[in-house]
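Undergrad: Below is a structure I'd like to ask you about.
No lab work stands behind these numbers, since they all come straight from the coordinates. As the structure is a prediction and not an experimental result, all values here were calculated from the model. Cβ atoms come from the backbone with ideal geometry, glycine included; neighbour counts cover every protein chain shown.
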Amino acid sequence: MIDWTNANFLPWLIPVPPLIASALIFLLFNRSWFLTTLTALAATILSWGMSLAVLLRALGLAFGDPLGGSAFSSQIAWMDTGTTQFNIGVLVDPLTAVMLFMVPLAISMIMIYSVGYMANDPRRERFFGYMALFAGAMLTLVVADNLLLLFIGWEVMGFCSYSLIGFWFEKESAHKAGVKAFMTTRVADVIMLIGIVYLFAQAGTLNFRDIFFNHEFLAELASTPALIFGGAISAAGLIGVFLVIGTVGKSAQFPLHVWLPDAMEGPTPVSAMIHAAAMVSAGIYMIIRMYPLLAAGADPHHGIYNAPLMLMAYVGAFTALFAAIIAVAQNDIKRILAYSTISQLGFMMAALGIGAYVAAAFHLITHGIFKALLFMSSGAVIHAMEHGEHHAHAEHHGEHAAPIDVQDIRSMGGLRQRIPVTWWAFLAGGMALAGFPLITAGFWSKDEILAEAWHLGVGGEWFGPAVFVFILLAVAAFLTAFYTTRQLAMVFGGQPRTAAAEHAGFVDPEHPTPAAQAISGFMQGPLLVLAVFAVIAGFVGVHPDFPLLGAIFSPYGNPFHNFVTGTLAEEMPKVAFNWLPVLISFLVALGGIWAGWMVYWRRPLAAGQEDPTKVALDRVSPALYTAMQRKFYLDELYNAAFVRPAQWISDVLVAQIVDRGIIDGVLHFIARAATVIGETFKRFNRVVIDGVGDGIPSGIARFGGWFRQLQSGQVQQYLLMALLSALVIGMVVFVRLIGRG
Amino acid sequence: MELTAEIVVFAVFSIITLTGGVGVALTRNLFRSALMLLVSLFGVAGLFVLLAAPFLAAVQVLIYMGAIAILIIFAVMLTRGMVTARRVMNDQWSVAAVVALFLFAVLAVIFVQVGQGESAVLPLNPTGDPPADGTAALGQALLDPAQYVLPFEVAALLLAGVLSGAIYIARDDEPDEPSQTRG
Amino acid sequence: MVPLWMYLVVAAALFCLGVFTVLARRNAVAILMGVELMLNAVNINLVAFWRFVTPATMMGQAFVVFVFVVAAAEAAVGLALIIAIYRRRQSVVADDANLLKW
């Protein structure tokens, strides 16, 4: 029997509770709110508990041996593929372990938060069913030991994202956003699948350990020309490029980023789940996992780059800056966060592109925590604003002010007094995002990326991609701090700009209902938990040579680095401590925060006042701010170039011309021909056959009618006939007699 | 041939017979037609006498003229058919006339040819004489078991049966009711 | 002596007159009279042949006697029939007795 307390087998159980919960909710419990939430929360917390058990064992802190150089793994034979067998199983190596720290934590917090957020939604049970399925799929992906199982989790999450983004499907925009998300990631997923198939064809297996620890195989793959574009790229390179394209779609990098901002149509917990904890993280996790393959034949630490690495570096860095620029001009509270997610994912991808493996993983973990925190806080803000709007309408019966967009930050303001808990949580998350020095997790992870980029680029080796990455990421970090501060200022700072903001809050102070208080508790509790982690999570990755803090937190070397680097066959080189990148990190972060404070907080915006940034940029060019706000018209371009032609093909070409015109035309023609033939046969039947058939009897009847007149009933006629006959016969006989005689 | 008295008498009686016959055929008035029948029958009786069969002549007068023709006259009177202005002949009288004429022609030619022509087989003169007592001989022949007594008795039976049948056929069905109208 | 064939011709003429009467007259009684004519013609033939061919035996005359009998019987029955029909149908026109048809 299987010993489930053994860390090798326990990972099998981790994805199971949410999957079972999803099935139970959909099939049985969806009439009962109580049972639904109970099941979902219980399942999530159970998974979290098991993940913690595995993690602690992986760290060696309890229950047995630490991971060290080996990993917890277990496999079963799944299907026969000719001469070999395809195995699937679970693998817990250091990378998986750190993911198992962040992912279940974030998912659990989001689930608890959802209980409060979705309490008044008519379809709330269905929501939890999907969320449980989503959680199960993500956990499957995290513990998978082969690329196929990872891909299965990947695709299931894609389906769940479609269902959840388009959860309020009565809204046309929500439905369209769901389709857009699915379609865009689908494009990437198909290419990724081609890469997976190609890899399987070359390797005969998709198991991570088998591929990545097999150096000869990787070297051979890197020197074989690819099946297509063989002259320019190796097989490993082509596979790597395809896999990276899968991440470009899933993690919303340029040019496939267009689905993520629209995905804000879904409920906020969905945004938190998709854009922080789970789906987009899965994309980055995948390329971090596949790094040995992606870097096959290259050595980024010594300036040798190959196609996948360069793709990641350039696309990632460009996306980071591109999205940050757009975020500056957005006014929807969730959309700013969406673009910031795209930007931060670009950071991670660029980091991996220049070979900063550990830094990318570190930033993935910290980002998951503080982005989930930020989304949930923004959801709390929206909730409070909706309450405020109800109250504003209720109090001013006579006036009917124009309905305001509760998500537009221009209609907020001064909320720090109204919803203080949310304010502190948002501040913690926002500062982590901006990279506020020293006391936020985001600082440490972002600093590490910049440090490595500096080291490989401007600061020392001057490798081209690293230089590019460093410059763009530094500017992006500055803008990140700027727009984050802008968001904080416009939402929480100054004075309320609308009546709704004046009355914003979770609980009506005059009639506090237990339900409302429970909701606010469910929503605000997770915020606090995550806020704590947003502050302290960074301290596991302090450089040992960092003044003062290095000695405190990393006496034996950078703990995170030491732990995660065990994932790879060879240890990742550690970057030496250098003042300059740290200083630059300080400068960009503080500089961006200061600029935002100056522009937006010191003189807070009044109602109806124009955004100062817009005013400033308009002096340069009026179209510039508009372009930023309109996301540089990329959606319009895609619509015209891809969506509209596809619709035309399906609607006009196939449906009307081919289907209705040609196929139906042929069918109608055949039907008409058959009818004509039938008519001809019918006429032939009627005229010829019936004519003969009826003609013969009628002819006989006519002849009979004529002939029967012979029997007239007149006796004398009979006599005459008899006499005549006798005469004739007699004469004939007589003549013969005479003749003979 | 020479004009003997026999020939003259023959001619006279032949004419009487045939005229009577023509009268029967063509007379519109049915009663007159019946009388013409009587005339014809008389002529036949005369021919019988010429043919040395006096008994038959007498029987002819008695039976034919005296009974049968009278019977016919009775029938004529009883059936109201004599005072009619309706047509005499039916639709096929022309065809009948042609056929009758044709029949006569054929028969006449045959008889002339056979009697007088090249292949004459009929005797021109009687081959013998009848017995002196012809009537007695006839009576004996009719009652002689070796001759014609059987047909004689059968004829008697026939008459009995026929007359009974005729009476039955012609009797009144419902004595006190008027006869049924034509249906 | 009048030759035989003359008697035969006369008889033939009488016979043909009788035939014509039977075939052409409408009245049933007239038809019966025609039948009598025909029978008489036969009698003439019979007697003529007896006289000229076998005058010694009485066979010819006996035959004629029987013809008489039959003629009488037949006339009686026929007339009875006519009367019966007349009683039913008020008509002695032969044409009207046409039920024996199709």
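Undergrad: Which length gain, in nm to one decimal place, applies between A:LEU583 and A:GLN85 when the Cα-Cα distance is subtracted from 0.36 nm times their residue separation? Let's see the in-between values first.
TA: Values: separation 498, 0.36 × 498 = 179.28 nm, distance 5.40 nm.
That pair, A:LEU583 and A:GLN85, stretches by 173.9 nm at full extension.
Undergrad: Between A:VAL728 and A:ARG31, how many nm apart are label points set 7 Å from Cα along the C-beta direction?
TA: My value for the distance between the label points is 10.3 nm.
Undergrad: Please report the net charge: other residues with Cβ closer than 12 Å to the Cβ of A:GLN330, K and R +1, D and E -1. If you can, show how the numbers build up before the last one.
TA: On the way: positive: A:LYS334, A:ARG335, A:ARG410, A:ARG486, A:LYS614, A:ARG630, A:LYS631; negative: A:ASP332, A:ASP408, A:ASP611.
Net charge in that neighbourhood comes out at +4.
Undergrad: In addition: Rounded to the nearest 500, what is chain A's calculated 222 nm mean residue ellipticity when only DSSP H runs of at least 4 contribute -39500 (n - 2.57) each, over all residues? Numbers along the way, then the final one.
TA: Details: 33 runs with 483 residues, N = 741.
Theoretical 222 nm ellipticity from helices: -21000 deg cm²/dmol.
Undergrad: If you take each beta carbon of peptide A:135-143 and count the beta carbons of other chains within 10 angstrom, what is the mean? Numbers along the way, then the final one.
TA: Details: counts 0, 0, 0, 0, 0, 0, 0, 0, 0.
Mean number of neighbouring Cβ atoms from other chains: 0.
Undergrad: How much length would be gained if the chain were fully extended between A:ALA641 and A:ILE76, taking 0.36 nm per residue of separation minus their Cα-Cα distance, in nm to one decimal? Provide the component values of the computation, followed by the final result.
TA: Numbers: separation 565, 0.36 × 565 = 203.40 nm, distance 4.62 nm.
The span from A:ALA641 to A:ILE76 would gain 198.8 nm if fully extended.
Undergrad: Positive end of the dipole of chain C, charges at C-beta (+1 Lys, Arg; -1 Asp, Glu), about the Cα centre: which of C:MET58, C:LEU79, C:LEU46 has its Cα farthest in that direction?
TA: In chain C, that residue is C:LEU79.
Undergrad: Hull surface divided by four, with the convex hull built on the Cα atoms of chain B: how many nm²?
TA: Working: hull surface 65.3 nm².
Projected area, direction-averaged: 16.3 nm².
Undergrad: Still on this structure: How do the peptides A:208-221, A:336-349 rank, highest first, by the average count of neighbouring beta carbon atoms within 10 Å per residue?
TA: Values: A:208-221: 17.0, A:336-349: 28.6.
Top to bottom by mean Cβ count within 10 Å: A:336-349, A:208-221.
Undergrad: Take chain B, connect every pair of alpha-carbon atoms lying under 10 Å apart with a spring to form a Gaussian network, then pick out the residue of B:LEU150, B:LEU50, B:LEU30 with the largest mean-square fluctuation.
TA: Maximum fluctuation in the GNM of chain B, among the listed residues, is at B:LEU150.
Undergrad: Under 5 Å between amide hydrogens, which residues at least 5 positions from A:ILE88 or on another chain qualify, with H placed 1.01 Å from N in the peptide plane?
TA: When sequence neighbours closer than 5 places are left aside, the close amide H contacts are A:ILE76, A:TRP78.
Undergrad: Taking the 0 to 90 degree range and rounding to the nearest ten, how far is the long axis of helix C:28-52 tilted relative to the main principal axis of chain C, both from C-alpha atoms?
TA: Helix C:28-52 and the main axis of chain C meet at about 10 degrees.
Undergrad: A further question follows. Can you work out the Karplus-derived ³J(HN,Hα) for every residue in segment C:67-84? Use 6.51 cos²θ - 1.76 cosθ + 1.60 with θ = phi - 60°, whole Hz, and x for glycine or proline.
TA: In residue order, the calculated couplings are 4, 3, 4, 4, 4, 4, 4, 5, 5, 4, 5, x, 5, 4, 4, 4, 5, 4 Hz.
Undergrad: Is the protein assembly as shown best put as rounded, prolate or oblate by its Cα gyration tensor, with a ≥ b ≥ c the root eigenvalues, rounded for a/c under 1.5, and otherwise prolate when a/b is larger than b/c, oblate when not?
TA: prolate
Undergrad: Assigning unit charges at the beta carbon (Lys, Arg +1; Asp, Glu -1) and nothing else, what dipole magnitude in debye, to the nearest 20, does segment C:4-96 show about its Cα centre?
TA: Numbers: 6 positive and 4 negative charges, 35 e Å.
Dipole magnitude for segment C:4-96 comes out near 160 debye.
Undergrad: Please check which bits of segment B:51-83 a label hung off B:ARG28 would reach, taking the label as a point 7 Å along Cα-to-C-beta and the cut-off as backbone N under 15 Å.
TA: Within reach of a label on B:ARG28: B:82-83.
Undergrad: Hey, another quick one. Evaluate peptide B:38-51: per residue, the Cβ atoms of other protein chains within 10 Å of its Cβ; return the mean as an integer.
TA: Working: counts 0, 0, 8, 3, 0, 4, 10, 1, 0, 10, 7, 0, 6, 12.
Going residue by residue through B:38-51 and averaging, the value is 4.
Undergrad: Right, another one. Given a Förster distance of 60 Å, report the FRET efficiency between B:TYR168 and A:ALA673 from their Cβ-Cβ distance, rounded to the nearest 0.05. Working shown, then result.
TA: Details: r = 82 Å, r/R0 = 1.36.
Rounded to the nearest 0.05, the efficiency is 0.15.
Undergrad: I need the calculated FRET efficiency for the pair A:ASP405 and A:PHE169, taking r as the beta carbon distance and R₀ as 22 Å, to the nearest 0.05. All intermediate terms of the calculation are to be shown ahead of the outcome.
TA: Numbers: r = 21 Å, r/R0 = 0.93.
About 0.60, to the nearest 0.05.
Undergrad: Amide H neighbours of A:ILE304 under 5 Å, at least 5 residues apart or on other chains, H built in the peptide plane: list them.
TA: Result for A:ILE304 returns A:ASP299.
Undergrad: Right, something else. With both partners inside the protein assembly as shown, how many of the DSSP beta bridges are antiparallel, as a percent to the nearest 5?
TA: Working: 16 of 17 bridges.
So the antiparallel bridges amount to about 95 percent of the total.
Undergrad: Going highest first, how would you order A:251-260, A:726-735, A:526-535, A:178-187 by mean Cβ packing within 10 Å?
TA: Values: A:251-260: 24.9, A:726-735: 11.1, A:526-535: 22.4, A:178-187: 20.3.
So the order, starting with the most tightly packed, is A:251-260, A:526-535, A:178-187, A:726-735.
Undergrad: Something else now. Read phi for every residue in segment A:334-342 and hand back ³J(HN,Hα) as whole Hz from Karplus 6.51 cos²θ - 1.76 cosθ + 1.60, θ = phi - 60°, with x for Gly and Pro.
TA: Each residue's phi maps through the Karplus curve to give 7, 5, 4, 5, 4, 5, 5, 4, 4 Hz.
Undergrad: Further question: Tell me, in nm to one decimal, what length is gained between A:HIS302 and A:ILE471 on full extension, where the rule is 0.36 nm per residue of separation less the Cα-Cα distance?
TA: Working: separation 169, 0.36 × 169 = 60.84 nm, distance 1.94 nm.
Answer, rounded to one decimal: 58.9 nm.
Undergrad: Once Lys and Arg get +1 and Asp and Glu get -1 on their Cβ, which of A:PHE169, A:ILE662, A:ILE191 lies farthest toward the positive end of the dipole of chain A?
TA: Towards the positive end, the residue furthest out is A:ILE662.
Undergrad: Please give the charge dipole size of the protein assembly as shown, origin at the Cα centre, charges +1 on K and R Cβ atoms and -1 on D and E Cβ atoms. Round to the nearest 20 debye. Walk me through the numbers before you get to the answer.
TA: Details: 52 positive and 62 negative charges, 472 e Å.
That gives the protein assembly as shown a dipole magnitude of about 2260 debye.
Undergrad: Same structure again: Assuming R0 = 35 Å, what is the FRET efficiency of B:ALA5 and B:GLN140, from their Cβ-Cβ distance, to the nearest 0.05? List each step's numbers first, then the result.
TA: Values: r = 32 Å, r/R0 = 0.92.
About 0.60, to the nearest 0.05.
Undergrad: If you count, for every residue in B:134-140, the Cβ atoms of partner chains within 10 Å of its Cβ, what is the mean?
TA: On the way: counts 3, 2, 1, 5, 6, 1, 1.
Partner Cβ neighbours, averaged per residue: 3.
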